[in-house]
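Encoded as structure tokens, the structure appears first; notes follow it.
The values are calculated or read from the model by the stated rules, or taken from the named source; none is laboratory data. The structure displayed is predicted, hence computed values, not measured ones. Here the Cβ positions follow ideal geometry from the backbone for every residue, glycine too, while neighbour counts run over all protein chains shown. These accessible areas exclude ligands, DNA and RNA; they are computed on the full protein's heavy atoms, side chains included. Shrake-Rupley method; radii C 1.70, N 1.55, O 1.52, S 1.80 Å.
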Amino acid sequence: MPNWAFDYILLPLGIYLARMTDVSIGTVRIILISRERKILAAMLGFVEVLLWLIVITQIMRNLSNVFCYIAYAGGFATGTFLGMVVEEKLALGHSLIRIIVPEKGEEIVQNLAQAGYRTTTLEAQGARGPVKVILSLLRRKDISIVLGILKNTAPGAFYTIENARKTSDPELWKTSGQEGESFARILWRRQSRIRK
């Protein structure tokens, strides 16, 4: 292989792919830190920094190669985007949905309960009169399902969604069957020990 092919094609391509991977890992790692997934975040951090060191070493050895700089910047941009897409697909953690409606509040609560979601309802006063505020804590993976229920029940409903970092309820991890229950309890006890 001629030197120019390595210097201007293979090396920049390798830098681009490695930088894209390490930034993607970094984006997911930061999100895992915010979700308090310490061990997984630490392991990803190790891989991220190792890849970064490999890339930066190649950049320093080829300071006169402008294609390496372009590949580095391109890998960073692509990795940021890719990391966000990956995290969105993984949908880790829990979210709190807050629904505010002047009417159909009971119907929304019933439909959410039938789908297996727990809710808390508050009576409140809005600018145009009385409203119901419905709160539900759910897995991020279930947001689209809940929004579908909401769209079918009250299409004009106002809602907000925010990330929930912690919850004190081990029942949220329950799945159908006894095995899921025991796993949820083990996980809950482990989290409780970590918090203390």
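Applying the Karplus parametrisation 6.51 cos²θ - 1.76 cosθ + 1.60 with θ = phi - 60° to the phi angles of the stretch 56-67, what ³J(HN,Hα) value in whole Hz is obtained for each residue in order, glycine and proline being reported as x?
5, 5, 5, 5, 5, 6, 10, 5, 8, 8, 5, 5
So what is the accessible area of the chain per residue, in Å², with the probe set to 1.4 Å?
65 Å²
Please list PHE158, PHE81 in order of solvent-accessible area, largest first, computed with a 1.4 Å probe with all protein chains present.
PHE81, PHE158
How large is the dipole of the chain about the Cα centre if only Lys and Arg carry +1 and Asp and Glu carry -1, each at its Cβ, rounded to the nearest 20 debye?
640 debye
Based on Cβ point charges of +1 for Lys and Arg and -1 for Asp and Glu, what charge dipole magnitude is obtained for the stretch 63-162 about its Cα centre, in debye rounded to the nearest 20?
60 debye
So, by mean Cβ neighbours within 10 angstrom, what's the order for 1-12, 16-27 with the highest one leading?
Result, highest mean Cβ count within 10 Å first: 16-27, 1-12.
Taking θ as phi - 60°, what are the ³J(HN,Hα) couplings along the stretch 104-114 by the Karplus curve (6.51, -1.76, 1.60), each to the nearest whole Hz, with x for Gly and Pro?
So the Karplus estimates, Gly and Pro as x, are 6, x, 5, 5, 4, 4, 4, 5, 5, 5, 5 Hz.
Sort 139-150, 53-64 by the packing proxy (mean of other Cβ within 10 Å over each peptide's residues), most packed first.
139-150, 53-64
Would you mind getting me the FRET efficiency between ILE39 and GLU103? Use the beta-carbon distance for r and R0 = 41 Å, nearest 0.05.
0.30
When the Kirkwood radius is taken over all Cα pairs of the stretch 89-148, what Stokes-Einstein diffusion coefficient follows at 10 °C and 1.306 mPa s, in µm²/s?
So the translational diffusion coefficient is about 130 µm²/s.
Non-local amide H neighbours of PHE158 (under 5 Å, H modeled in plane, Pro and chain starts lacking H): which ones?
The list, which skips near neighbours in sequence, is ILE100.
222 nm [θ] for the chain, helices only, -39500 (n - 2.57) per DSSP H run of 4+, per residue, to 500?
-19500 deg cm²/dmol
How big is the gap, in Å, between the Cα center of the stretch 72-100 and the Cα center of the stretch 117-148?
That distance is 24 Å.
Dipole of the chain (Lys/Arg Cβ +1, Asp/Glu Cβ -1, origin at the Cα centre): which of ILE59, PRO102, GLY75 lies farthest to the positive side?
Checking the options against the dipole of the chain, the answer is PRO102.
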